[in-house]
Amino acid sequence: MRNMDILITCHSVIPNTATDDSLAEEDFRVWSRGVYPTPKHCEMHVGSEDWQANPDNVSKFGELVGIQVHVVPDGGHNLPRSYVGAILDRWLGNIS
């Protein structure tokens, strides 16, 4: 599997503290109380220059729900294929 060309796209919404609506505010309150269900094995990767997923907000969310966040230096919204490929190789190697 290491040589397969895999492209995975995930979508998530992290509340933007500058434009929170009531739903995002309630989500933030739930996450802040530590009652949000967290997957057993989960990581988030975000580019330091991501224009959609603010790295500061992603990092704060990760802290609230206990998920490790990796901020990729000089990375944008679409992380480099080589970076994502290395992550997939590591994860797929752990499930065999």
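Descriptive notes on the structure:
- When the residues of the range 70-96 are filtered to those that are in contact with a Phe, Trp or Tyr (Cβ under 8 Å, 6 or more places away or on another chain) and surrounded by 15 or more Cβ atoms within 10 Å (Cβ to Cβ), the one that is farthest from Ser32 (Cα to Cα) is Gly75.
- Within the range 59-90, tally of residues that are modelled with pLDDT of 90 or more, part of a helix (DSSP H, G or I) and among the β-branched types (Val, Ile, Thr): 2
- Of the residues making up the range 61-92, those that are free of Cβ contacts under 8 Å to residues at least 12 places away in the same chain and under 15 Å from Cys42 (Cα atoms) are Glu63, Arg90, Trp91.
- Condition broken by Pro55, with the remaining ones in (1) buried (at least 16 other Cβ atoms within 10 Å of the Cβ); (2) of a type outside the set (Asp, Glu); (3) touching a helix residue (DSSP H, G or I) at 6+ places or on another chain (Cβ under 8 Å) satisfied: (3)
The values are calculated or read from the model by the stated rules, or taken from the named source; none is laboratory data. Quantities reported herein were computed from a predicted structural model and do not represent experimental measurements. Reconstructed Cβ throughout: ideal geometry from the backbone, glycine too, with neighbour counts over all protein chains shown.
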